[in-house]
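See below for the structure under consideration.
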Amino acid sequence: MRKILLHGCCADCSLKFIESVKNDKEPAEIEIYYYNPNIHPRSEYQSRLKAMQEVIEKAGIRLIIPDWKPVDYFEVIDNSEKGIRCVNCWNLRIKKTAEYAKENGYDCFSTTLISSQYQDSNKVIEIGQLWAKKLGIEFVVPKYICTDLETSGFYKQFFCGCVYSLRERLEEKYKLATKS
């Protein structure tokens, strides 16, 4: 059975990825690495973490929680425009996951970002494959990526997690509210 280190951004996407791996019908032990310095504000980070803990505990999956250091995120995004900012953010989180997986004896790694409605899964996969090649560890992409799993009973977010995405969503809501 292969041991996968999965970067997890939220409970919902983690469940979708786990379902994707089950559909591959290859036995795997999954552990989740909750490295998300991009998530703001801290209350949002905590809400997602709490939901993750609740869901993962029920599934019997180990959750690894590195320190929340927003400075890691702000150092790599450097006030760049949205497209570049997102790529830099994905790169940061995938790189840290790959390094942790390599250093701690995992067979492979992946990220829930490939099952998220808020992310460019093709670009995320490209970044994962880049770090796999650089570090000599496999990047797992399930054959079928579940993106529409019905989940409920825990906190679900309405934006990707970063302060810029939060602002964009709030602006969209404001524009809709003022049209009425």
Label zone at Glu19, where the point sits 7 Å out along the Cα-to-Cβ direction: the range 135-149 residues whose backbone N lies under 17 Å: 142-149
Using alpha-carbon coordinates, inclination of helix 42-59 to the longest axis of the chain, degrees: 40 degrees
Of Thr178, Ala101, Trp68, farthest towards positive along the dipole that unit charges on Lys, Arg, Asp, Glu beta carbons give the chain: Thr178
Computed over the range 2-179, the relative contact order (Cα-Cα under 8 Å, seq sep at least six) in percent reads 31 percent
Which lysines have a Cα lying under 17 Å from the Cα of Lys95, excluding residues fewer than 8 positions away in the same chain? Lys69, Lys123, Lys133, Lys134
Most mobile of Asp12, Asp78, Asp120 in a GNM of the chain (Cα contacts under 10 Å): Asp78
Mean Cα-pair separation over length for the range 84-180, i.e. relative contact order, pairs under 8 Å, 6 or more apart, %: 24 percent
Of the chymotrypsin sites (Phe, Trp or Tyr not before Pro) in the range 121-172, which ones lie in a loop per DSSP and count no more than 11 other C-beta atoms within 10 Å? Tyr144, Phe158
Those trypsin sites (Lys or Arg not before Pro) in the range 1-64 that DSSP places in a loop and that have at most 15 other beta carbons within 10 Å: Lys25, Arg62
Value at 222 nm in deg cm²/dmol, rounded to 500, when DSSP H runs of n ≥ 4 in the chain each add -39,500 (n - 2.57): -17000 deg cm²/dmol
Pick out which of Gly153, Gly136, Gly128 has the largest mean-square fluctuation in a Gaussian network model of the chain, springs linking Cα atoms closer than 10 Å. Gly153
In debye, nearest 20, what is the charge dipole magnitude of the chain about its Cα centre with +1 on Lys and Arg Cβ and -1 on Asp and Glu Cβ, if you could check? 220 debye
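With a 10 Å radius around each residue's Cβ, average the other Cβ atoms per peptide and rank 68-76, 95-103, highest first.
The peptides rank, most packed first, as 95-103, 68-76.
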Rounded, prolate or oblate (a/c below 1.5 giving rounded, otherwise prolate when a/b exceeds b/c) for the range 69-166 by Cα gyration tensor: oblate
Among all the lysines, which ones have a C-alpha under 20 Å from Lys22's C-alpha, if same-chain residues fewer than 8 places away are not counted? Lys3, Lys58, Lys143
Looking at the calculated P(r) for the chain, what percent of the C-alpha pair distances fall above 22 Å? 43 percent
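Taken together, the values in this text are just the output of simple stated rules run on the coordinates, not laboratory data. Computed from a prediction, not measured in an experiment: that's the story for all the values here. In this analysis, Cβ positions are derived from the backbone assuming ideal geometry, glycine residues included, and neighbour counts consider all displayed protein chains.
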